[in-house]
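What follows is one structure encoded as structure tokens, with my remarks underneath.
Readers should treat all values here as calculations from the given coordinates under stated rules, not as data from a laboratory. Predicted model, so just to flag it, every value in this text is computed and none were measured. Cβ sites come from the backbone with ideal geometry, for glycine too, and all protein chains shown count toward neighbours.
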Amino acid sequence: MALQDLTPQLRTRLNRVERAVGVFVSLATLLLVAGFAYYAHYTAKRKGWFDVTVPYYTMVNSAAGFKEGDRIILMGFEVGEITKIEAMPPNDPFNVFVQFVVKAPYFGYLWTDSKAKVGSADFLGKRFLEVTKGGATSDTNVFATYRTEKDGRLSVWIEWDDVTQKKVAYYAPLTNNFKGYFLEPNESPAITERLESLLNQVEKALPNILILTNQISGVLTNSANLVARLDRTVESAQPVVTNLADITTRLRDPHGSLGEWLIPTNINQQAQTALGSANATLLTANTNLEVVAANLNITLDNLAQLTGNLKEQVQANSLMLTELSSLIINADDLVQGLKRHWLLKGPFGAATNAVPSSRVQPSVGGTP
């Protein structure tokens, strides 16, 4: 149905709907454009598109673990990103050229003694590039890598003139073809290289480790055998220990167990009986000897008195001198012999066999 076939009321309502749809589409378009502008602004701010950046570069041995767009770290902050990675010519002493930018104000921390430190980020070979803060060395002759001039332009510190091939020292304005300030690299081997080196060392040391484990196994086996032998020895020595404990218990017995072992009870009793009998015999013999000695003493006293009387009689009667003299001499010999007898040495004391000098031997004819 054509539009002119509609009634004026329907055409009025249709125009109103068209205007509402146009307003809605316009608002949606404005919101979409505003969202896209906000996203673009946020992305540009996040990536530092509006920040002032200055270029740097360094040289590394290997590009493994790096890619363009990787973050640059300074004191733990993300201060820039890698912009270019390319290989150097074959005759160049360096292998890989790495260019990166650092945004303001962080490039103010980088001085002429700053370095580009390469480290391992993970175990998968990923590496990171970190720039160190200037002034960390003892060198006092250091300068800022970049500075802002009075007119707001940036200038870079130049130490070598590529044209004259001479050493210089001044700040020069940046040019469009300037590749950046060179930071001395401090590169550690990649984690894969370090792991490979470690594995090579482990592979070389593995035979020695296996020999060592075999030796340890032998030592453990010998230790187990030794422990088993010690166990058997302890089991066999247990009766000995028990006997020693019994012996020590008996030695502590106050009734003389050790004496009972050395001298049994029956022998002890017999020895005591024999010693008692011997003691009684000695006492009896001593008593009898005392009695015999006393009786002999009395007898000798009587005999001495008798001989004394005979001597007086002989002196009174000179005719009987020879016979009496012989009798006295014999009697005296008898007494001296009794005194020398072993049984009568005690009561009489030491005897002598010397003949008195006054003794006179009788003559043959009986004359004194």
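Shown is the FRET efficiency for PHE143 and LYS204, computed with R0 = 51 Å from the Cβ-Cβ distance and rounded to the nearest 0.05: 0.60. Using the alpha-carbon positions of segment 47-93, Rg (one decimal) and Dmax (whole number) come out as 12.8, 39 Å.
Ranked by Cβ crowding within 10 angstrom, fewest neighbours first, how are ASP113, ASP301, ASP332 ordered?
On the way: ASP113 20, ASP301 10, ASP332 15.
Arranged by neighbour count, lowest to highest, ASP113, ASP301, ASP332 become ASP301, ASP332, ASP113.
Computed across segment 53-188, the Kirkwood radius stands at 15.7 Å (inverse of mean 1/r, all Cα pairs). Taking 28 Å as the straight-line reach from the Cα of LYS339, the lysines in range (excluding those fewer than 8 positions away in the same chain) are LYS311. Starting from the Kirkwood radius over alpha-carbon pairs of segment 130-249, derive D by Stokes-Einstein at 20 °C in a medium of 1.002 mPa s and give it in µm² s⁻¹. The estimated diffusion coefficient comes to 92 µm²/s. Taken as Cα centroids, segment 140-186 and segment 12-76 sit 33 Å apart, rounded to the nearest whole angstrom. Ranked by how many other Cβ atoms sit within 10 Å of their own Cβ, fewest first, the residues LYS126, LYS166, LYS103 fall in the order LYS166, LYS126, LYS103.
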